[in-house]
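Right, one structure below, let's go through it.
The values are calculated or read from the model by the stated rules, or taken from the named source; none is laboratory data. Note that the structure is predicted; figures quoted are calculated from it, not measured. Counting neighbours? That spans all protein chains shown, and the Cβs are built from the backbone with ideal geometry, glycine included. Ligands, DNA and RNA are stripped out before the accessible areas are found, and what is left, the full protein with its side chains, is counted by its heavy atoms. Shrake-Rupley method; radii C 1.70, N 1.55, O 1.52, S 1.80 Å.
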Amino acid sequence: MPRPTVELTESEWTIIKAVWGEEPCAAPAIQEKLRKRTAWTYSTVRTLMDRMVAKGLLTAEKVRNLTLYRSAITRQQAQRGELRYALKHAFNGALTPMVQCLLETNDLSAGELAKLESLIKAKKRTAKK
């Protein structure tokens, strides 16, 4: 059964990216990793992480006096949620204008365009079945 759409706030994205790179990890390690970029205090990071546990984005395991956090979602789930959000809110659910916008605003190499074409062809083949 597919997981419901995941939508992360900007702060949650910051935390989850740090967790993906360090898991399992404790809040102090994440706070230290993000300190220069965010200036967040330990209590801010811990609060954000605990809220993310409540939302099902992270898991928490108590090991003696330390809480270890792990991601409960994959990068792909988070990315899909972001795309669905953009599709819904910026393009009124219309995929073609969204793809057109992406194609027009990015300098795609011939290799990237070929990969996109092959993905579309593969999708057409599976859609016919």
Using a 1.4 Å probe on the protein heavy atoms, what percent of the accessible area of the chain belongs to carbon and sulfur? 55 percent
Sorted peptide list for 61-70, 17-26, criterion being average Cβ within 10 angstrom, highest first: 17-26, 61-70
Please name which of Leu95, Ala110, Ser71 has its Cα lying farthest along the dipole of the stretch 65-115 towards the positive end, using unit charges on Cβ (Lys, Arg +1; Asp, Glu -1) and the Cα centre as origin. Ser71
Which peptide among 36-49, 101-114 comes first, and what is the full order, when sorted by highest mean count of other Cβ atoms within 10 Å? 36-49, 101-114
Would you give the gap between the C-alpha center of the stretch 38-62 and the C-alpha center of the stretch 65-94, rounded to a whole Å? 16 Å
Highest first, please rank the peptides 84-97, 115-128 by the mean number of other Cβ atoms sitting within 10 Å of their residues. 84-97, 115-128
Quick check: from the Cα gyration tensor, does the stretch 28-80 come out rounded (a/c under 1.5), prolate or oblate? oblate
